[in-house]
Amino acid sequence: MKSYALYDTVPPSSWVESMPIGCGRMGATLMADVAKETMYLNEETVWSENKENTPNPAMKEGIEKLRALFLEGKPAEANRLAGSVLNNCFRRICSYEGAGKLHIELHEGASAANYSRRLDLVNGIATVEYSKGGSLYTREYFASYPDNVIACRVTSSSTPLHAFISYERDRTFFKKADGCELVACAKTLFGDHKVCVRIRAVTDGRVEAREGQLEISDTRSFCLYVSIASEFRHGDSYINAATFPTSLDYEAIKARHVADFSSLMSRADVTLPSLEGMDELPLHERFRVLWYNKPKDESLLVLQWQYGRYLLISSSREGTLPANLQGLWTDGNASGWSCDYHTNINLQANYWAAETVNLSECHLPLFDYMNDFLLESGKKTAKVCYGARGCVVHHLSDIYGYTAPADGVWGLWPHGASWLTLHMWEHYLFTKDEAFLREKAYEFIHEAALFFLDTMVPNSRGELIYAPSTSPENRYLVKDANGKQANCYLTMSSTMDVEIITTLFNIYLESSRILGIEDQDVADVAAAREKLPPLKIGKHGQLMEWIEDYEEADPGHRHTSHSFGLFPGNLINRSTPELCRALETTIHRRLNSANQSGAITASEVGWSMAWLGGAYARLRQAENAYRMAFMFANHHVNATLWDVIWVKSMGGDIFQIDGNLGYVAVMSEMLLQSHEDTVALIPAIPERWHTGSFHGLCARGGYEIDAAWESRDVTRITVKAKFDGECVLELPATQKSFTFRDQEGCVYTADGCLLKVKVKNALILTAVRS
């Protein structure tokens, strides 16, 4: 595998340019300054709590009043009434917080020569090097999943080191340096949840504990190890739970870490045409060349793709929590949008690519979160707030299992659980793990379906509709009975409602069939599915976003929620060409409409570009998909490739990981698709990717695929199968070679663009050139 790294020759100017390391549960970001290293520490369960966040029983009556108005054809009146009838029904959740700052003071003065910092994506190791006073200084950092520890080693080639190690955090109530250890305990800003940070120094020199810090001297090398434990995970034993491996042998711990991390990173790779010399440039110089000279740097797109895989591995490992809005990392105690779990796209976008890019294990924390944190809470919310069976999750949550509506009327969106069932289903489709479907997924899917069985009602046309709901965070314009125009969030059966409920019912019915379950719930869902409203095309030729063809308040809105049926869903595909054309029009309008409210538009936020890029890839609009990918990798990330967005109300650049991880899905969909019962090779590659290869991408059905192409003509294919059987490969529309020979000499000829092959273990196909 190629050596991928983020390399620069200047220190970060702010936290959003820092270097992240992580092992799923713990992590750190590194400011990499010469005189003083600041490591912003993180542990996934350090999270404030609003202990009054319980479902409000008064909500049920308010919902019934609003639903009645919608059924009477009075959407404006329903929206105006919503604030009063749902008063005190919307809560605010609290923020994910940092675990504190570890300071390593090394020098007086920041001047140094030959400074460089490097984040090795393949091995998961960060380094800082520079020369000062005739000595070469090296700092190395990693977060080990096998040993559950953060490690740092500082070395000097000649000059003895003299360092001071200290810890800082708001609401620290205990701090003690003793021997070679520094222990600190702190509380969250709200809820008083406690966390313990333990730092141990190991060196052949001298360590002195004084005034709450460690002083290290008389050595040219020392190591620091960090362990973090929370009251959330360990109860009253949290202090004793902050422990270290039995043997603190740095090289042994590093070797185990590298073997673990690289085994995941090396599974998949992509090669595309590249500009000579660009990979060797420091990132800040590379971006300067791109911004001023405007060359197309395809290797940067691949680097961004691998960086997304790095971030997922670092923030989501088996046995941990799923990646939040910033993955694992934050620099303080009041993060952007609370650094929570937004379930109206952001949490899902984090995992769109997990299966395709051969990181299926990194998907598992999401399912554990769904079952262990959302399921029972969602059942309580369904019962208390709606008088319904089943499970409902609204648009955001946290580690305390919050599932009721939050923030305001725009939070009255009921599809957190129903959308998340698609991830369980996709995991099954990629792995064919029937035990997972039965033991981990089916109950959640069943409960999500029951909620809509109990809450949908017939309209005057006999269709089953859901109300009130929203098209996430977007609004439409409508006049009330007196001709006064209203700007409305709430609706009945938005297009996204119909798409998600249809997808959920399809998943439930197919899961029941596979598992041999036939009961009244299955029969009721099958009957209800037939009564859902159809998807409609509006007056502009667009896919309608709401059940009526309303005018949009913000035509360029950042959410394109009604594209769910195309991507990541599969209701809209090449078998529905009229709907595909309507969605093309929808996306064009989104990208070419000025936002009239001054809010963030579809082209200004990374996750939105990823969503539109994935939709274009599914539409086989290769150049448009490339445009979205290129714009993200060149204009939506900073010089350390984090997806950042300028938010004036939050005081500057805010990092959101969903853009980084959603981008991985876009590029993967351009290279491989398998949602239409074929394994489609390079279905949406642009002209610039005329020659290239990939290895280790996964397809539904249990396949792992390698492919190479020249002049957009597939020349070599490797198919590894978990199960013996027939695989239908779809060659690109640009294909010129239709005959292939396998490693045994057997010849296969495509029928049109479809190449049907029998796979047992692994099949290697080479194009036969005429």
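The values are calculated or read from the model by the stated rules, or taken from the named source; none is laboratory data. What you see is a predicted model, and the numbers here were worked out from it, not measured in a lab. A quick note on method: Cβ atoms are made from the backbone with ideal geometry, for glycine too, and the neighbour counts reach across all protein chains shown. All accessible areas refer to the heavy atoms of the entire protein, side chains included, with ligands and DNA or RNA removed. Shrake-Rupley method; radii C 1.70, N 1.55, O 1.52, S 1.80 Å.
Brief remarks follow.
- Reachable lysines from Lys432, criterion Cα separation under 27 angstrom, eight or more residues apart if same chain: Lys440, Lys720, Lys722, Lys756, Lys758, Lys760
- Shape class for the stretch 185-269: oblate, because the ratio a/c of the largest to smallest gyration tensor axis (alpha-carbon atoms, square roots of eigenvalues) is 1.5 or more and b/c is at least a/b.
- Förster radius 22 Å - calculated FRET efficiency between Lys36 and Arg206, Cβ distance, rounded to 0.05: 0.60
- The mean sequence distance of close C-alpha pairs (under 8 Å, at least 6 residues apart), as a share of the length of the stretch 156-201, puts its relative contact order at 28 percent.
- On the beta carbon distance between Glu64 and Leu477, with R0 = 25 Å, the FRET formula returns roughly 0.45.
- Candidate lysines - alpha carbon under 23 Å from Lys194, same-chain residues fewer than 8 apart omitted: Lys51, Lys101, Lys175, Lys176
- Solvent-accessible surface (1.4 angstrom probe) belonging to Trp611, in square angstrom, nearest 10: 0
- Each of Ser460, Phe567, Phe655 was scored by the projection of its Cα onto the charge dipole of the chain, and the greatest displacement toward the positive side belongs to Ser460; charges sit on the C-beta of Lys, Arg, Asp and Glu.
- Test item: Cα-centred dipole of the stretch 271-349, Lys/Arg +1 and Asp/Glu -1 on Cβ, debye: 140
- Percent accessible area from carbon and sulfur atoms, the stretch 395-458, protein chains only, probe 1.4 Å: 49
- 15 Å beta-carbon shell around Arg461, net charge (K/R +1, D/E -1): -2
- Label separation (Ser13 vs Glu623): 3.5 nm, computed from points 7 Å beyond Cα along the C-beta direction.
- Label positions at Asp751 and Ala113, each projected 7 Å from the Cα along the C-beta direction, are separated by 7.1 nm.
- Close amide H pairs (under 5 Å, H built 1.01 Å from N) link Ile654 with Ile645, Trp646, Val647, residues at least 5 positions away or on another chain.
- Taking the stretch 658-770 and dividing mean pair separation by its residue count, relative contact order in percent (alpha carbons under 8 Å, at least six apart): 22
- Peptides ranked, highest mean first, by Cβ atoms within 10 Å: ranges 583-590, 536-543, 43-50, 456-463: 43-50, 583-590, 536-543, 456-463
- Cβ-defined net charge surrounding Trp329, 12 Å radius [Lys, Arg +1; Asp, Glu -1]: -4
- Look at the dipole of the chain built from charges on Cβ: of Ala126, Gln348, Gly73, the Cα furthest out on the positive end belongs to Gly73.
- With a cut-off of 15 Å between beta carbons, the residues surrounding Thr586 carry a summed charge of -1, where Lys and Arg count +1 and Asp and Glu -1.
- Taken over the C-alpha atoms, the stretch 103-191 has Rg and Dmax values of 16.2, 51 angstrom.
- Length-normalised contact order of the chain in % [C-alpha pairs under 8 Å, at least 6 apart]: 12
- Once the Cα-Cα distance is subtracted from the 0.36 nm per residue extended length, the His234 to Arg461 segment shows a gain of 76.2 nm.
- Full-stretch length increase - Thr243, Lys736 - with 0.36 nm per residue and alpha-carbon distance subtracted: 171.4 nm
- Pairwise FRET efficiency - Trp291 versus Glu129, Cβ, R0 = 30 Å, nearest 0.05: 0.65
- Close amide H pairs (under 5 Å, H built 1.01 Å from N) link Arg620 with no residue at least 5 positions away or on another chain.
- About the Cα centre, charge dipole magnitude for the chain (Lys/Arg +1, Asp/Glu -1 at Cβ), debye: 760
- Cα centre as origin, Lys/Arg/Asp/Glu Cβ charges: the stretch 309-406 dipole, Debye: 360
- The stretch 10-60: trypsin sites (Lys or Arg not before Pro) falling in loop per DSSP and having at most 16 other Cβ within 10 Å: Lys51
- Span-like helix ranges in the chain, DSSP H, alpha carbon extent 24 angstrom or more, Kyte mean at least 0.5: 495-515
- Backbone N atoms of the stretch 343-366 closer than 19 Å to the 7 Å Cα→Cβ label point of Ser266 belong to residues 357-362.
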